[in-house]
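The structure appears right after this line, and notes come after that.
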Protein chains: 2
Amino acid sequence: MTRIALLAGIATTSLCAAGAASPALADEGMWTFDNLPTAQIKADYGVDLDAKWLDHVRLSAVRLSGCSASFVSPDGLILTNNHCVVGCTGNLSSGGKVDYVKQGFRSKVREEELKCAGQTAEVLLSITDVTDQIRTASAGKSGEDFIKARDGAMSAAEADICGKATNLRCQAIPFYRGGEYKVYKFQRYTDVRLVFAPEFDIAFFGGDPDNFNFPRYDLDSAFLRAYENGKPVKTKNFLKWNPNAPKEGDVTFVVGNPGSTQRLLTVSQLETLRDVSIPVGQLQRSEYRGRLIQYGKTGDEARRLAGDALFGTENSFKVYYGRQLTLNDQAFMNTKRAQEAELRAKVAADPALAAKIGDPWAEIEKAQTAYADNYLVYRQLEAESGGGSRLYNWAETLVRAAKERAKPEAERSAAYSPSRLARMERGLQTETPVELPIEKIRFEHWLLKTREYLSPDHPAVKVLLGKDSPEGLTEKAVNGSKLGDPAVRKALWDGGLEAIEASDDPMIQLALRADPQAQAIRKIWEAEVEAPVDAAAERIAQARFAVYGQSVYPDATFSLRLSYGKVAGWTYRGTTIPAFTRIGGTWDRATGEAPFALPQSWVDKKDALNPETVFDFTTTNDIIGGNSGSPVIDAKGQVIGAAFDGNIHSLGGAYGYDGSVNRTVVVSTAAITEALTKVYGMDNLVKELTGK
Amino acid sequence: MTRIALLAGIATTSLCAAGAASPALADEGMWTFDNLPTAQIKADYGVDLDAKWLDHVRLSAVRLSGCSASFVSPDGLILTNNHCVVGCTGNLSSGGKVDYVKQGFRSKVREEELKCAGQTAEVLLSITDVTDQIRTASAGKSGEDFIKARDGAMSAAEADICGKATNLRCQAIPFYRGGEYKVYKFQRYTDVRLVFAPEFDIAFFGGDPDNFNFPRYDLDSAFLRAYENGKPVKTKNFLKWNPNAPKEGDVTFVVGNPGSTQRLLTVSQLETLRDVSIPVGQLQRSEYRGRLIQYGKTGDEARRLAGDALFGTENSFKVYYGRQLTLNDQAFMNTKRAQEAELRAKVAADPALAAKIGDPWAEIEKAQTAYADNYLVYRQLEAESGGGSRLYNWAETLVRAAKERAKPEAERSAAYSPSRLARMERGLQTETPVELPIEKIRFEHWLLKTREYLSPDHPAVKVLLGKDSPEGLTEKAVNGSKLGDPAVRKALWDGGLEAIEASDDPMIQLALRADPQAQAIRKIWEAEVEAPVDAAAERIAQARFAVYGQSVYPDATFSLRLSYGKVAGWTYRGTTIPAFTRIGGTWDRATGEAPFALPQSWVDKKDALNPETVFDFTTTNDIIGGNSGSPVIDAKGQVIGAAFDGNIHSLGGAYGYDGSVNRTVVVSTAAITEALTKVYGMDNLVKELTGK
């Protein structure tokens, strides 16, 4: 599930991210806890974030898989978003007798709380600067050697600090694009249970039309509980529950884990995203979306399958729509140009710095030509190979890993280190359902678009299709493949390259055929795009550090950050959007037709609910995907809501923060309390939260 | 059928077009026959286009509905593209017994030639400058008065020159955005019969993947014959058939009717197209395309219906993809900026001119803000209302015409003049099939995208949907409407506003509900976007005329033009595309799977065909949609092919010509002769063409 939850895999791309473009504007910034603009916050909002306040908030904050959360009781109770637990409610429903996603989940007593398989909860205990030891280990090295040395030093630093303790986790994280390395040490809870989730129809009321929009009437909240040794964890630090909604202009702090931002990209890189990569992705995504919508009309099971796939597709569509909107905004781009010019001027004014930095902006601009020349081929054959088909991705993983494992360990690429191979092997053996109709749509769409964008004359297209049509090949490959069976995947893994090459599985054969061309474009891409850009970007990061020092925050890396701001609506193209919705407005918006159909529980309790209760509200806090579930905190350090979305303009926050329109969307503690009390009768839970 | 045939309705938008941005580059230009760069052509290619050559070519050129063509025998034989006659072959197949689209049409003797209903053939006899009389009639008038006076004077000029002769047609055409008005007098033939059409699978071999691409192996050619009084027309002027292919570098002339270009748009207008309007259209079109593809999988009839709808949708997608590619090209935009700066500098250097012209560029730039602010609403509610649903469009026409007809004639808008109302009435009574499944996809898609892009909170969305979902409303409105029956439409037209308002037809009710909001945004759009842009653009056209005089050509207006160039391939992003394909290459490309499946006739005659025969070739000629079927002529005035497509870069030709990559794609007379002889046994036709 995505919304503003962290998209799977985004964290790994944060290596491409670095730092803010220039000193932060008012309310801008995803600040690390070891470099907070406390003086600025005091000046702007009159709030003094002293060490006690900060320690308390940090130790109350919880990182989930891809989401953020917070402790809200002394008994390990965790507040997050419903869309952060919908994987859990889905898994718990997989017997088929009960659909917790649709009907929600309510444990009236602790014994009814159910474990969310795979869910962890992490609390940040300490931050240790390990920059020097990483630098020392990798000094004088380059290319693959550099990466191996650096990664080895990072692992060593993690082990130094955490040792073998199983309830701790240490993670070495690069900040400012390698300008700094820190080890984040977490308390780690692996027994996390579901306490409460509302019905999907009220958690995601308004569906895709309302996603990333406002006004909003969503109870996108849920409760988990951390357990240890079979008992609820005793949490000394937790956020006090404030069941009252804030007022317009009230200060708000969001504490959570923004996944990834690219605010340091140069103007030429932003232009490439705007003109080359995002548009093609959106066009293909739109066509795929249309296919899913139409497929969903062919029956009840089709509707369910299409609906699941559409949720992520439509969310991604909107994310990139918002990003494109920002990149197409001339004023935004002019600001970026001015920031870049300022930094370049400051570098030029310092001869020693200028000599050290050189002209990385020109180097990056040059690499953009290679980007444009190679992007379509790279995208279709490598970055998006298989178009999301699980079967093809397994086949590709099996083929590549087998080839690498056939080499002596020292000659393998860094992506096939022993620990990564072990992770791949585990991943391949995980039972994962393959929905054949969706699989066919994905795979055929990929083949069709690959032929369309590369042309039937491209050698790779000829190799892929041979004399087949995309439609015919899809039928053969998807129907004929046995890779849906984990035992088959295990046998092929164990059999190695010999077994792979002898396999008559059509997906394996296809992946074998496609691999040389895919590897070839990957090498071109790494050599002509990634390597020169990375090298240049690191020098830009150094320049920024030299010029602006600690007044900049690093790009998001799914590590704990604090952002500050206030409750506020916004005005765009002449229309003003107020900061609040109230429960009473829900009834006006409800049509009875999906996605504006309320669950029966809400229909039944309409008269009981106070229509004046604030439902959702917007703030100026600077957040991004990964922040889902973050507590929204008032000046006293009490929780007043959970961030669950941004508005459409916040999506451009990937590239830069615009305080006039970027907004965080929050479900209020007021609404949660009202619903728990009046709709769901969760008296024990309310008592735990409020003491009443 | 579209490809580079004129898209329906494009001609009317040519009022928004004006002239080339600056003096033409080598091979650039769609030149009118009364202003040809003959000296330049002589200098560049050593060919002297004397009056005799030009008269002969002009009188051999034929304008079809939306396409171009030429006489190629003394007996009224006409060469054009297959995709220009596929409407005719489709109509002739509508009994259902025979599918001429699929199997082609071959009349071995003249008695077998079949009339193409509605097809006309027009030959340009003369061009008369009527600028002064139009100017005099409209002098001192503005707004609606100006339009009425101008249009009246244009009609009068047409009548002056053609009188009541039924075999003549006079058309007053504005050039250089009203800088000049000319009356084009045509000989008009209304009995046009089908002689030969190949199978669709070889005419459009490669389908969408190959459309606007090259290499190409398409026999996109067909023959018609003009009749008068039941007998073939005797044509003194016709192009001599040259069955030999040209060589690389040979000069080529294309004579035909390019539909519409927008080469005078200012940079700010191009940026608006690039950033605002084209992207949204492409995203919605892609999703619609995906729906059609998936719908086509639900059965044989669905495949046929979806295929028809996809043809136009995929063609449009590629047209705009090519345009976007050009607008995203920084070098192209920089050229446009330089051209604009040059013209502005020349205006500024002439005080009298500067005083007359003012700063129309700034006025247009200002209007672009209004464009961006209003575009989505204008697009969804007005410009694209109904999303292509025939039922909704009929409902909208009935509602609006009834409202206008309820007013005194003097108060009606210009769009509801007596002649236009008469045309509407005829159009409404034409028997037109409504394919309900496609209708539902179109209409639902429109409602879904209107809600998505305007948001559920927009007043117009609330009015449209009420408490319905897009899906539910579509079922009700499409299933419930009786407007598919021409008699019902006639009764509503005859009954006027009273009958309309009393109707319980759900589409009529919807159109009535939607009309006030649609009219409101139309008025805003006209006042804040169109009016200021038109006023400013006219002054830019005057400036260009004053500065560059006759060295510029007017924007395309679906009127006869000559373009010159040469046979040439091109190089893009490091890949060089040769100028020729040969018949032998067809067999390599054929997979047996659509759209790369050859018709049986070609499979059977593989050995008979000379593999060395040039099939298709590319030239540097400057063409655009509407040029489909244009004769490609050699230095001697002989026909060597029919233009049937452009490459992907030619699509950016809407905004400017780039001789390094813009290419016309031609089916050679060599290939046509070879196929007629070896595959189709059309000996009489070959004899008529070649004398052998």
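The values are calculated or read from the model by the stated rules, or taken from the named source; none is laboratory data. All values reported here derive from a predicted model rather than from experimental measurement. Heads up, the Cβs are rebuilt from the backbone with ideal geometry, glycines too, and the neighbour counts pull from every protein chain shown.
Some observations on this one:
- In the range A:186-196, the residues that are surrounded by fewer than 21 Cβ atoms within 10 Å (Cβ to Cβ) and assigned to a strand (DSSP E or B): A:Q187, A:R188, A:D191
- Among (1) at pLDDT 95 or above; (2) surrounded by fewer than 21 Cβ atoms within 10 Å (Cβ to Cβ) - the single one B:L391 does not satisfy: (2)
- Subset of the range B:267-288 (residues that are facing another protein chain (nearest Cβ under 7 Å) and over 17 Å from B:S316 (Cβ atoms)): B:D275
- Residues that are touching a Lys or Arg at 6+ places or on another chain (Cβ under 7 Å), under 15 Å from B:D27 (Cβ atoms) and not hydroxyl-bearing (S, T, Y) do not occur anywhere in the range B:627-639.
- Yes/no for B:G299 being surrounded by 18 or more Cβ atoms within 10 Å (Cβ to Cβ) and either under 23 Å from B:E28 (Cβ atoms) or free of Cβ contacts under 8 Å to residues at least 60 places away in the same chain (or both): no
- The range A:471-528, subset modelled with pLDDT under 95 and within 14 Å of chain B (Cβ to nearest Cβ), residue farthest from A:R390 (Cα to Cα): A:E528
- Residue check, B:R323 crowded, with 18+ Cβ neighbours inside 10 Å, closer than 29 Å to A:Q368 by Cα and either facing chain A (nearest Cβ under 10 Å) or hydrophobic (A, V, I, L, M, F, W, C) (or both): no
- B:A331, sole failed condition from (1) without any contact (Cβ under 8 Å) to a residue 40 or more places away in the chain; (2) surrounded by 13 or more Cβ atoms within 10 Å (Cβ to Cβ): (2)
- Residue check, A:S65 of a type outside the set (A, V, I, L, M, F, W, C) and either more than 18 Å from A:R188 (Cβ to Cβ) or crowded, with 23+ Cβ neighbours inside 10 Å (or both): no
- Total residues in the range A:165-216, condition among the hydroxyl-bearing types (S, T, Y), at pLDDT 95 or above and within 30 Å of A:A309 (Cα to Cα): 0
- Figure legend. Inter-residue proximity from the range A:469-480: first residues buried (at least 16 other Cβ atoms within 10 Å of the Cβ), second residues charged (D, E, K, R) and outside any helix (DSSP H, G or I), beta-carbon distance below 7 Å, spacing 6+ or different chains. Indicated pairs: A:S469/B:E593; A:G472/B:E593.
- B:G312 vs. criteria more than 12 Å from chain A (Cβ to nearest Cβ), part of a helix (DSSP H, G or I), among the small types (G, A, S) and under 21 Å from the mean Cα position of the chain (by Cα): yes
- Residue match in the range A:332-340 (condition: within 10 Å of another protein chain (Cβ to nearest Cβ), aromatic (F, W, Y) and farther than 30 Å from A:E113 by Cβ): no
- Boolean, A:L428 is crowded, with 18+ Cβ neighbours inside 10 Å and more than 30 Å from A:S155 (Cβ to Cβ): no
- Filtering the range B:219-238 to residues that are out of contact with any helix residue (DSSP H, G or I) (no Cβ under 7 Å at 6 or more places or on another chain), closer than 20 Å to B:T89 by Cα and of a type in the set (S, T, Y) leaves only B:Y227.
- Residues that are among the hydrophobic types (A, V, I, L, M, F, W, C) and not in a helix (DSSP H, G or I) were ranked within the range A:250-309; the one that is farthest from A:A541 (Cα to Cα) is A:V251.
- Residue in the range B:606-627 that is within 24 Å of B:P74 (Cβ to Cβ) and either assigned by TED's automatic domain parsing to the domain that holds B:S221 or buried (at least 22 other Cβ atoms within 10 Å of the Cβ) (or both) present: no
- Within the range B:573-601, if we keep just the residues that are touching a Gly at 6+ places or on another chain (Cβ under 9 Å) and surrounded by fewer than 16 Cβ atoms within 10 Å (Cβ to Cβ), the residue that is nearest to B:V665 (Cα to Cα) turns out to be B:P578.
- Residues of the range A:664-692 that turn out to be under 30 Å from A:G653 (Cα atoms) and in contact with an Asp or Glu (Cβ under 9 Å, 6 or more places away or on another chain), as a count: 6
- Residue, nearest to the other protein chains (Cβ to nearest Cβ), within the range A:349-363, restricted to residues that are closer than 16 Å to A:V529 by Cα and not aromatic (F, W, Y): A:A362
- Qualifying residue in the range B:582-591 (condition: in a loop (DSSP other than H, G, I, E, B), farther than 21 Å from B:L79 by Cβ and within 14 Å of chain A (Cβ to nearest Cβ)): yes
- In the range A:364-377 there is no residue matching the filter, namely being away from chain B (no Cβ under 14 Å) and either without any contact (Cβ under 8 Å) to a residue 12 or more places away in the chain or in contact with a Lys or Arg (Cβ under 6 Å, 6 or more places away or on another chain) (or both).
- Whichever residue in the range A:411-468 is under 20 Å from A:N374 (Cβ atoms) and outside any helix (DSSP H, G or I) and, among such residues, is farthest from the other protein chains (Cβ to nearest Cβ): A:S413
- The range B:343-359, residues that are surrounded by fewer than 17 Cβ atoms within 10 Å (Cβ to Cβ), touching a residue at least 24 places away in the same chain (Cβ under 8 Å) and in a helix (DSSP H, G or I): B:L353, B:K356
- The sole residue among A:A406, A:A402, A:A415 that is without any contact (Cβ under 8 Å) to a residue 24 or more places away in the chain and small (G, A, S) is A:A415.
- Only one of the numbered conditions (1) surrounded by 14 or more Cβ atoms within 10 Å (Cβ to Cβ); (2) at pLDDT below 95 is not met by A:T136, and that is (1).
- Selection status of A:A222, more than 11 Å from chain B (Cβ to nearest Cβ), touching a Cys at 6+ places or on another chain (Cβ under 9 Å) and of a type in the set (A, V, I, L, M): yes
- Meets criteria (at pLDDT 95 or above, outside any loop (DSSP other than H, G, I, E, B) and under 21 Å from A:V251 (Cβ atoms)) for A:I672: yes
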